[in-house]
Structures are given as C-alpha cells and as structure tokens.
1. Out of the residues in region 144-161 that are within 20 Å of residue 369 (Cα to Cα) and β-branched (Val, Ile, Thr), state the one that is farthest from the chain's Cα centre (by Cα).
2. Could you say which residue among 87, 33 is of a type outside the set (Lys, Arg), surrounded by fewer than 18 Cβ atoms within 10 Å (Cβ to Cβ) and out of contact with any strand residue (DSSP E or B) (no Cβ under 6 Å at 6 or more places or on another chain)?
3. Scanning for something open to solvent by 10 Å² or more (accessible area, probe 1.4 Å), within 13 Å of the chain's Cα centre (by Cα) and closer than 16 Å to residue 128 by Cα, does region 371-381 turn up at least one residue?
4. Taking into account only those residues within region 58-71 that are hydrophobic (A, V, I, L, M, F, W, C) and surrounded by 15 or more Cβ atoms within 10 Å (Cβ to Cβ), which is modelled with the lowest pLDDT?
5. Is there any pair linking a residue in region 240-259 that is modelled with pLDDT under 75 to one that is assigned to a helix (DSSP H, G or I) and surrounded by 12 or more Cβ atoms within 10 Å (Cβ to Cβ), with Cβ under 9 Å and at least six apart or on different chains, and which?
6. Regarding residue 170, is this residue in a helix (DSSP H, G or I), in contact with a strand residue (DSSP E or B) (Cβ under 8 Å, 6 or more places away or on another chain) and crowded, with 19+ Cβ neighbours inside 10 Å?
7. Applying the selection to region 362-396, what residues are free of Cβ contacts under 8 Å to residues at least 12 places away in the same chain and among the hydrophobic types (A, V, I, L, M, F, W, C)?
8. Would you say residue 187 is assigned to a loop (DSSP other than H, G, I, E, B) and out of contact with any strand residue (DSSP E or B) (no Cβ under 6 Å at 6 or more places or on another chain)?
Amino acid sequence: MNNNQQQRSFFFNVDWVMVIIYLALCTIGVVNIHSAMYDDKHPSLLDFSTDYGKQLLYIIVGVTVGIVILLLESRFFSSLAPFFYGITCLLLVLVLVIGRNVGGNQAWISLGGGFRLQPSEFAKLSTCLLLARYLSGTNIRVTETKPFLIAAAIIGFPMFLIMLQPDAGSTLVFSCLLFVLYREGLSPYFLILEGLFITLFVVTLKLNNTLLIAGVLVGVSLIIILLWRRNRHIMRIILTGLAICLAFVYSVNFLYNKVLKPHQKVRIDIVLGISKDNKGKGYNVHQSMIAIGSGKMWGRGYMQGTQTKYSFVPEQGTDFIFCTVGEEWGFAGSVVVLGLYLFLVLRIIRIAERQRSPFSRIYAYGVASVIFFHVVINIGMTIGIVPSIGIPLPLISYGGSSLLTFTIMIFILVKLDSNRMGIIY
C-alpha cells in the first residue's frame, strides 16, 4: 500500500480507543435521555418523533459524518479553517436577525420539522481550527505582542457575537482556549492573572463593598512597594497591576448591577451562598442534588428514578442529564462516566504530544480544553458548585448541534492523528 492509499484508507492507523470512548459516551447519552424524556405513548427508542429517537438519529448522522471525515485528506481541515470560521461567524450574525429565542437566548436557527441549528456550538470547532492554523504558521510566537493579539482576536470575535444573543455559558467556553496559548508558550502569569480575576470576582460579589476591596488592594500594593521601593521595575508592575485590579473590581460591580439579568444574578447569588431560593431560581439545582444523592452507591435502576420519572428536574435531558446518571446508576455509574471523560481528555493530550505537525498538536489541545471545560462546568452545575449557565455535557446531553460539534471535533483529531507521520501545513 503506497502513501496515498494509506492516507485514504479508513482503517489505517485509526486510534480505535478514541472511537470506542466516543461510542460509549454516545450510548450512555441516548440511554439516559430515553429515561429522562420517556413518553408512554411513544416508548420505542426508534421512534424518531421523540427526543430520544432524534438523539439516536443525531448519533447515526454523526457516525456517518465521522466516516466521511476519515476518508478526507488531512490537509483539508487546515486549508479550509478560515472558510469554516467565516461561515460560523456569519451564522452567529444571522442568528441575531432571524434566530429563535429559547429561554431568553436568541441562539437557534429553525430548520423546520422540529430541528434547530445552534451556531455557537459549531463556532467552538471553527475557532479551534483557525487558532491552530494561525499558531502553526511560520515564525508565529504567542509570546510576542502582535501574534498574541491576533490569537486573542480569533478567540474573542465569536465570544462577542455569542454574548449578544446573550448566551453567557457558551461565551465562557471560549476562555478555556487560553490553555492552548499557554501550551504554545504563553507566560503562566496569564493563568495566575485569570485565577486572580476569578477570586476578585467572587470576593467582590460576596462582600458587596467595592470601597473596602479597593482599600485592601491599595494597602497590599503599598506594603509591597515599600518592601521593593528600590526596584522601579517591580514598582511599575505593582502599580499597573493595582490599576487593572481596581478597574476589574469596579467593572464587576457595574456588570452585576447594570448588565446581568435578574435570573443570572440570582443564580450567581445562590452558588456563592449570598441567597437561597430552592423554590425559585435555585429549584433546578436543588432538585438535581436531591436526584444525585438519592442514587446512593448503585442507583435506583434504569427508568426507576423518582426525580426523573416525575420530571422534578427541568431540562433533565439537556443541561441536567448528569443527575439522571447519578439517580439511576448511582455513585458507581457516575464514576464510570467521569472516568470515561478523564480517559478521553488524557487520551487527547497523549495524541497531541505525539504529533509532528504543530497544527495537529494545537488543534488537539483546543479539543481537550473545550471538552474538559464543558464537563467540569456542566457537572459543577448539577451539584451546585458553579452557576447554572446552560452548558451541555459532551456527547451525553440531548441536542443535535452539540453532538455533531463534538463528533466532528473528535473525528477530525482521529484523522489528523492517523496521518501524524505527515506534516500538516
């Protein structure tokens, strides 16, 4: 078999471990969606008029698309990355004009027949592709100002469009691509700075006293300056950092009081312990935690969960699907699901590190970052440690756009890895 035949062969060098994990997660998803959204009048999983029937159809379409991807040339994805990015950004603009508003977010384009397209999901894929295409270019170093700003613009532009919907959850997903930049040489101080901002965000809302926080920041800065007063460089850094932190604290206060909608503020307050509303905005999370806790070690059994069966948890087939896993399959089933995700992310990182092509390596880290962020935030939502911001659980939550996006992400990576001995430009 010559090189061209090898590249076009479906079976050549495919990482079947990745494919098996993908199929396992999809199977877990459709089984739990069948339980969470069960309809007595349409019990069959093969009834495509139901949500679980549609999810099975999405999986079939996804696998078909995956096979097509494996038959394409590896260079196809790098070459057309700008085109894919442009199309998804165009769809993000289009959804603001003709999109359908669901749950306060104008994020879906109706396709007819009960099917909808969510462009923000596909934007995650196209952003990973274009970011990998740009950063893998000749003499591109993310430590330099211009390349860093261009990379930030690639990530930031779809974030801006998605925020206009407004969809805060999907917007936040793009922030995880900072880890890709870190892998490519960005200073770890940026990650420390991100952690500092998160801490300031929480402290600002918890204390609800902007002047007190500003005073503490100024005081700490003065102490550091007195200790390092002979080093002007450090003094400039401290003063610049102080200005940024003060601006951030006041912007958080403005964002919380003037920009966020009431239901978003309530969700944040509930997570931070500022307020408690188990019968209102905190109802979903409260019922989700009850469902997960009631599963104990081995769960109540398939389709035997009372919280699931009697629909106590809204959105249980989508954002809160993990509480179905916890209730019906228990702690043991939850560990299996988390283990599969951990294995998947670690496998992707391993694949990334064995690539000869910078494009493939950077793209792989983008995929790992997006999947990891989704899993952590979604499960964090269901157990009440992060605000409920509407992020699906990859390959398990109901939804065609999400499933197809993660399917395409994974199969593109599998294809690039199968041709890792070649160089992708």
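The values are calculated or read from the model by the stated rules, or taken from the named source; none is laboratory data. Remember, it's a predicted structure, so these values are computed and weren't measured experimentally. Here the Cβ is made from the backbone with ideal geometry for all residues, glycine too, and neighbour counts use every protein chain on show. The accessibility values were calculated without ligands, DNA or RNA, using every heavy atom of the protein model including side chains. Shrake-Rupley method; radii C 1.70, N 1.55, O 1.52, S 1.80 Å.
1. The extreme case among them is 150.
2. Answer to the selection: 87.
3. Yes; the residues of region 371-381 include at least one that is open to solvent by 10 Å² or more (accessible area, probe 1.4 Å), within 13 Å of the chain's Cα centre (by Cα) and closer than 16 Å to residue 128 by Cα.
4. Only one residue fits best here, namely 70.
5. From residues that are modelled with pLDDT under 75, the pairs are 241/193; 241/196; 241/221; 242/217; 242/218; 242/220; 242/221.
6. In short, yes.
7. Within region 362-396, 376 is the sole residue that qualifies.
8. In short, yes.
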